[in-house]
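The values are calculated or read from the model by the stated rules, or taken from the named source; none is laboratory data. This is a predicted model, so every value here is computed, not measured. Cβ coordinates were reconstructed from backbone atoms using ideal geometry, including for glycine residues, and neighbour counts include every protein chain displayed. Ligands, DNA and RNA are excluded from the accessible area calculation, which covers all protein heavy atoms including side chains. Shrake-Rupley method; radii C 1.70, N 1.55, O 1.52, S 1.80 Å.
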Amino acid sequence: MDTKLLKDNIEDISIAAKIINEGGLVAMPTETVYGLAADALNGKAVRKIFQAKGRPMDNPLIVHVSSPQMAIDLKLYKEFTEDAKKLADKFWPGPLTIILPKGDCIPDEVSAGLETVAVRCPSHKTARALIEKSGKPLAAPSANISGKPSPTTAEHCINDLMGKVDAILDGGECEVGVESTVVTLDTNPPRLLRPGGITLEQLESVLGEVAVDDAVLHKLAEGKKASSPGMKYKHYAPKAQVYLVRGNNFVDFVNRDIDESTAVVCFDEDEKYINGETFPIGSKTDYKSHAHKIFDVLRKIDKEEKIKKVFAPLPRTDGVSLAVYNRLIRSSAFRIFNADAYVLGLT
Ligand code: TXA
Ligand code: MG
């Protein structure tokens, strides 16, 4: 397939909208990561998303709208509840996905056979322009090949999807850098299924108690059903083995075990003390920068054939860092070292 490379201007957005209306696929920028969009109400078009990504058919998609009113008018949910209204008032447009029982218009391909649907109103102007120009709600998972880190630039989309989709719309670098927060209001209390740019603390400020799904912090137990199907798949993993390192002695720990096949993801201030190839993700307490850069760094590492081992500092589990923690423990297949114990000779 011939993939059109489109720019962020009115003419090109019109071309992208036409592709959507004809049942095609467009990789589009959002403030979180790039999404691979199709008309959410066209089951046949949505099916193509799964083929292009190599995504298992039992993993449901997020439906993107340009306003809460659009979700209400189209009856995407069975009922747009009070809690959903409160969340939408506060956090839409923005990096929050809300799950509720689905309306009758949602094709099975979107919900992957579940009784619920995930909806989000992105803040990125290009995503919003594409929704408005096409007049369609857009089903869009992250625009990566299944299992790879999500794309945060058009170049990442080109690397994964060239020849497999109708168009890639370049809207620059994604600001947040990790996928949206996913919360379900179909449970009592509401449950955080995936951490992202809207923090658990922010959700609690609106909803009161919010449960945290096991899959956010831990590996899903063998045979246990995932509340969010996406969490059960191997994810975000470069070809090299990633090891996370807990504790204050990160630099000493990694320096003991560096050779030319090692990459070190690090904070900017540690870079000059590390005796090997480094991939800085921002200053130590610039948590937003860590989220913004992490997928790009994982993809850069993946491009270097010689790299077999990657060290990265274990992120914190509060604020936006919880999202980085959640993605990195998956990319490392849950392998964590304790640098302090090691340096003290305890392990
Ligand atoms: O920021 C984002 O959310 C990006 C951009 C493009 O909007 N999209 C994205 O989509 O990350 P995707 O498909 O890569 O991740 C959606 C996650 C998956 O883990 C999926 O299993 C979960 O949301 N999900 C979708 N619908 C669901 C539902 N009805 N119930 C439970 N989990 C659901
Ligand atoms: Mg994804």
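Points to keep in mind about this one:
- Number of positions in the stretch 1-56 that are within 16 Å of ligand 2 (Cβ to nearest atom) and under 17 Å from residue 157 (Cα atoms): 20
Residue-wise test of (1) in contact with a Leu (Cβ under 9 Å, 6 or more places away or on another chain); (2) open to solvent by 20 Å² or more (accessible area, probe 1.4 Å); (3) at pLDDT 95 or above; (4) closer than 19 Å to residue 329 by Cα.
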position: 149; (1), (2), (3), (4): yes, no, no, yes
position: 169; (1), (2), (3), (4): yes, no, yes, no
position: 210; (1), (2), (3), (4): yes, no, yes, no
position: 214; (1), (2), (3), (4): yes, yes, no, yes
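Yes/no per residue for (1) at pLDDT below 95; (2) of a type in the set (Val, Ile, Thr); (3) under 30 Å from residue 92 (Cβ atoms):
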| site | (1), (2), (3) |
| --- | --- |
| 206 | no, yes, yes |
| 244 | no, no, no |
| 255 | no, no, no |
| 280 | no, no, no |
| 287 | no, no, yes |
| 292 | no, no, yes |
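- The one condition from (1) crowded, with 23+ Cβ neighbours inside 10 Å; (2) over 23 Å from residue 91 (Cα atoms); (3) within 11 Å of ligand 1 (Cβ to nearest atom) that residue 154 does not meet is (3).
- Of note, residue 222 does not satisfy the criterion of being farther than 24 Å from residue 124 by Cα, in a loop (DSSP other than H, G, I, E, B) and either within 16 Å of ligand 2 (Cβ to nearest atom) or modelled with pLDDT of 85 or more (or both).
- Checklist (1) within 11 Å of ligand 1 (Cβ to nearest atom); (2) among the acidic types (Asp, Glu); (3) surrounded by fewer than 23 Cβ atoms within 10 Å (Cβ to Cβ) applied to residue 179, failing item: (3)
- Checked against (1) out of contact with any Leu (no Cβ under 6 Å at 6 or more places or on another chain); (2) of a type outside the set (Asp, Glu); (3) modelled with pLDDT of 95 or more, residue 113 meets all criteria but (3).
- All helices (runs of 4 or more DSSP H) inside the stretch 13-111 with 2 or more residues being open to solvent by less than 20 Å² (accessible area, probe 1.4 Å): 43-53, 82-91, 108-111
- Test result for residue 235, touching a Gly at 6+ places or on another chain (Cβ under 8 Å), of a type outside the set (Ser, Thr, Tyr) and closer than 27 Å to residue 265 by Cα: yes
- Selected residue [touching a Phe, Trp or Tyr at 6+ places or on another chain (Cβ under 9 Å) and buried (at least 24 other Cβ atoms within 10 Å of the Cβ)] from 118, 143: 143
- The one condition in (1) over 21 Å from residue 204 (Cβ atoms); (2) more than 11 Å from ligand 1 (Cβ to nearest atom); (3) touching a strand residue (DSSP E or B) at 6+ places or on another chain (Cβ under 8 Å) that residue 104 fails to fulfil: (3)
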